[in-house]
Amino acid sequence: MEQLPYELKRGKALFRDRIRRAGLPESVAAPADPENFLGVMATGLRHFGLRTLDTMLQDSVLVDLGYVDPKALGRAREDAERAAVVPDLLCDTIALEVGLRSLM
């Protein structure tokens, strides 16, 4: 299996060099403040993730297998509705559920 030399992978050097050669400015090739998708992810999770969580409260692979307590999941759903940010553990639980369902 071939791999790029570390010098080309470190800091996305190869990717950034290609951007520069395409004529884009340095602010695009190597921005001072890298992109942060936290706001987009939070909005998406609040809009779609909580709906997925509602589905999980009715039928969940993780609950069925005994990995998640359905009562605790229900309480977490109520808390997430009121919270400014959906807790990371709940995000991970939703992601794992969706991943498991995709394998079925």
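Taken over the stretch 44-69, the residue count meeting the criterion of being of a type in the set (Ser, Thr, Tyr) and either in contact with a His (Cβ under 8 Å, 6 or more places away or on another chain) or surrounded by fewer than 11 Cβ atoms within 10 Å (Cβ to Cβ) (or both) is 0. Against the test of being in a helix (DSSP H, G or I), in the same structural domain as residue 4 (by TED's automatic domain parsing), surrounded by 10 or more Cβ atoms within 10 Å (Cβ to Cβ) and modelled with pLDDT of 90 or more, the options 75, 18 yield a single qualifying residue, 18.
Every condition in (1) under 16 Å from the mean Cα position of the chain (by Cα); (2) surrounded by 10 or more Cβ atoms within 10 Å (Cβ to Cβ) holds for residue 39 except the one numbered (2).
One residue stands out in the stretch 78-104 among those that are in a helix (DSSP H, G or I) and among the aliphatic types (A, V, I, L, M): the one that is surrounded by the fewest Cβ atoms within 10 Å (Cβ to Cβ), namely 89.
The values are calculated or read from the model by the stated rules, or taken from the named source; none is laboratory data. What you see is a predicted model; the values in this text were computed from it and never measured. Cβ sites come from the backbone with ideal geometry, for glycine too, and all protein chains shown count toward neighbours.
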